[in-house]
1. Only Cα pairs within less than 10 Å get springs; with that Gaussian network setup on chain B, which residue of B:Gly117, B:Gly268, B:Gly86 has the largest fluctuation?
2. Taking +1 at the Cβ of each Lys and Arg and -1 at the Cβ of each Asp and Glu, which of A:Asn223, A:Leu39, A:Met107 sits farthest along the dipole of chain A towards its positive end, judged by Cα position relative to the Cα centre?
3. Taking K and R as +1 and D and E as -1, what net charge do the other residues with C-beta under 9 Å from the C-beta of A:Gly441 add up to?
4. Separation between the B:Leu122 and B:Val282 pseudo-spin-labels, each 7 Å from Cα along Cα→Cβ, expressed in nm?
5. Estimate the FRET efficiency between A:His62 and A:Arg395 by the formula 1/(1 + (r/R0)^6), using the beta-carbon distance for r and 35 Å for R0, to the nearest 0.05.
6. Report the equivalent ellipsoid semi-axes for the range A:264-494 in whole Å, largest first, defined as the square roots of five times the eigenvalues of the gyration tensor built from alpha carbon atoms.
7. Which stretch or stretches of the range B:210-240 have amide N atoms under 15 Å from the point lying 7 Å from B:Leu37's Cα along the Cα→Cβ direction?
8. Can you give the FRET efficiency for A:Ile440 and B:Ile141, using 1/(1 + (r/R0)^6), R0 = 35 Å, r = Cβ-Cβ distance, to the nearest 0.05?
Amino acid sequence: MPAFLRLLPAMLLACALSVAQARDPGDLVIGFGADVSSLDPHFLNAVPNVAAAAHLFDALVHVDPDGKLVPGLAVSWQAVDATTWEFKLRRGVKFHDGSDFTAEDVMFSLERPAKVVNSPGPFTSYTRQIASRQIVDPYTVRLKTPAPYGPLPLDLTTIYMVSKKAAANATTEDFNSGRAAVGTGPFKFGAFRRGEAIDLVRNDAYWGGKPAWQHVQLRLLTNDAARTAALLAGDVDAIEAVPTPDIARFRANPALRLEQKVSWRTIFWQMDLSRDQSPFVTDKAGRPLAHNPLRDVRVRAAISKAINRQALVERTMEGLAIATGNIVIPGIVGHVDAIKPDAYDLAGAKRLLAEAGYPDGFALTLHGPNNRYVNDEQVVQTVAQMLTRAGLQTRVETMPLSSYFGRARAGEFSFALLGWGSLAGDSALRSLLATPNPDIGWGGFNWGRYSNPELDRLVRAALGETDAAARAKLAGQAVELAMRDHALVPLYHQYASWVMRKGLSYRARVDEFTLANAFHPQ
Amino acid sequence: MKGAAGLLARYAEDRVAAAALALFALLALAALAAPWLAPQNPYDLAQLDILDARLPPGSAAGATELVYRLGTDAQGRDMLSAMLYGLRISLAVGFAATAGGLALGLLVGLSSALAGGRVDALIMRAADLQLAFPAILLALILLAALGPGPGKIVAALVAAQWAYYARAVRGVALVEREKDYIAAVRLLGLSGPRILFRHLLPNCLPALIVVATLQVGAAIALEATLSFLGVGLPVTEPSLGLLIANGFQYLLSGKYWISVFPGLLLLGLILAINLVAERLRVLLNPRLQGV
């Protein structure tokens with residue numbers, strides 16, 4: 001029961017009073033803000049797991065702190081024709097067991113995600129576009145897609161390269177035990193204590209240069225107050241996902257250093273847009289309505305107008321977010337500068353509701369997670385408060401992520417909070433609003449089952465466009481179309497933040513990843 | 001047995017217990033009158049203003065005439081109002097759960113004592129099994145299965161506490177059963193239920209009252225714990241435990257009022273109830289008469 005962890009801070013506070021033990025200057029302890037469920041890099045596609053795996057493994061393509069693609073285990077890549085990508089591999093790279101990294105390992109690693117059993121969030125949406133793979137020579141591979149597909153290098157930033165020798169027939173459990181956790185990354189496996197910590201040892205032969213830290217511990221401190229207490233007590237050198245109530249105090253503390261950056265994550269509402277009777281939309285007496293009001297674009301526009309994003313950002317998020325009307329953050333493909341966040345207009349919202357035939361509003365239950373995004377539970381309550389002012393009768397139900405995503409995917413909700421991080425608007429739309437089709441991996445997070453052939457066409461065209469400018473134009477058109485239709489209600493982009501003890505530096509990353517190798521002594 | 005007035009007079013001989021009773025009465029009245037006393041309906045989202053979030057005690061509301069005497073929480077909810085309503089939930093849940101547990105425990109305990117033999121053994125082993133589970137664990141499991149809601153919290157608390165009553169009742173009833181007056185009414189040929197409810201039950205009551213008062217405090221504490229752990233009641237209708245949990249993350253950043261005030265209120269409430277229960281235990285125990 002993760003709820004029990006809420007009791008942890010009290011114990012940690014007690015510990016904080018005892019003297020913090022001295023640490024070796026070559027050791028680094030980092031407090032992670034979310035649980036890492038496995039060290040199998042192909043098991044669960046969620047930031048905490050992927051970030052933990054990044055310590056042990058490398059991908060062909062890496063992402064720099066600003067979201068630009070940079071060489072990883074591939075030194076270069078190019079489209080040799082419309083449907084073929086060629087990757088040149090880095091030479092002289094060794095796995096932790098001393099064996100060479102070659103094209104064979106790439107083949108194995110690209111095939112493995114489809115073979116992982118019981119994945120709660122598979123990586124196959126990134127590998128499914130690859131129709132055939134070909135080894136040209138031990139350091140060159142060619143990947144073919146059935147149709148032109150531009151974002152393949154971006155997709156491959158999330159697929160980590162494992163050792164064919166060590167991981168052949170390995171199960172997820174073999175990675176957790178360390179037997180198969182043999183990568184090329186900056187650190188070697190030390191120990192994985194589930195729900196507690198991951199211990200790592202320096203890989204002296206790392207191709208990217210010898211890491212600064214001899215031993216690294218990633219401590220899993222999912223409780224906000226516990227994470228703060230651990231940092232103040234000196235039990236950890238740095239923490240990620242800094243709790244918003246503590247930011248101001250950390251900033252004023254001369255012994256600590258705060259790093260922040262707008263993250264790629266947009267927080268928004270997914271609405272039930274396909275069913276005429278939605279389970280959590282009723283009249284105010286709880287009786288079913290003749291039609292699902294969320295299917296009326298005027299109602300969706302009214303909801304968007306009724307949300308005071310500025311208040312949400314300044315009060316609930318304590319300034320650690322930027323209000324938005326877009327799906328992806330500024331500066332990346334698919335962000336449209338011309339789309340501003342809908343202005344707060346209560347009278348306008350009520351007028352639109354009346355026009356749509358709901359002058360007295362209706363009843364709506366808002367669903368959200370309570371342990372995933374920064375202040376998620378508070379955000380759901382605040383939006384409920386704002387919609388109540390517009391005349392809706394709201395209820396709030398929040399739950400741990402473990403049950404939330406599954407229920408949302410099953411279509412159990414009518415109005416549900418989701419956060420999505422993406423480095424491209426067309427890729428985001430493919431998951432969030434494209435007509436759901438499991439065969440091609442589209443619409444995996446389209447909880448409301450929005451379906452718009454014109455949007456599908458634009459997304460397909462954008463993803464198939466290899467010319468950057470043309471792709472950006474198409475992706476922008478797709479985003480504009482979705483936003484004009486209020487197919488989802490965007491709220492804000494959240495900040496990612498880190499606090500560390502003085503003497504350390506970390507360049508804040510747009511993708512929210514916390515990487516021990518990127519911490520440097522000053 | 002002396003009259004109620006006599007009992008009250010003897011109760012008041014202990015000044016601390018008298019103060020505890022007065023405090024409890026005050027809190028109960030405040031809870032009953034919450035809708036009239038509270039400056040705001042903290043469960044009506046339209047009355048909350050996010051722009052007033054986390055204001056310290058004594059702050060004035062931005063848009064209305066309201067003054068937040070005990071500050072506001074992260075949603076801009078008036079703490080005083082939220083505490084009064086939370087107190088209402090705590091007391092209602094505590095008493096409903098006790099009444100439910102008492103009724104169930106009485107029925108099971110008396111039947112067990114009267115039936116004897118295998119039925120008795122079966123029921124008491126079931127009670128043992130239940131007591132072997134920590135109450136909090138059992139309630140957590142039940143709420144996970146049942147889902148949130150005040151009625152479900154009561155059900156979970158009853159399920160977690162009935163065995164205490166059943167055991168106490170059975171113990172007393174077994175003793176009383178062997179006494180001469182029961183033998184006498186049996187010889188008179190009275191029916192089973194009549195013996196049970198008219199003769200056995202009234203003589204078991206003093207012991208039960210003591211157990212029940214203690215269990216009210218335990219039920220309230222259990223409800224607060226469950227709310228603190230985030231199961232049971234909706235987040236938009238916080239009870240005392242949820243208020244404490246919500247303010248917890250702000251403790252380190254100096255916004256003490258969100259957690260501390262509801263915490264003190266809960267402490268006062270449970271302390272008062274336990275002091276009253278302790279005094280009743282002394283008064284109603286014949287062996288301690290005259291001590």
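Just so it is clear, none of the values below were taken in a lab; they were calculated from the coordinates. All values derive from a computational prediction rather than experimental measurement. Here the Cβ is made from the backbone with ideal geometry for all residues, glycine too, and neighbour counts use every protein chain on show.
1. B:Gly117
2. Positive-end residue among those listed: A:Asn223.
3. +1
4. 4.4 nm
5. So, using R0 = 35 Å, E works out to roughly 0.20.
6. 27, 19, 18
7. Label zone hits: B:240.
8. Efficiency computed from Cβ-Cβ geometry: 0.25.
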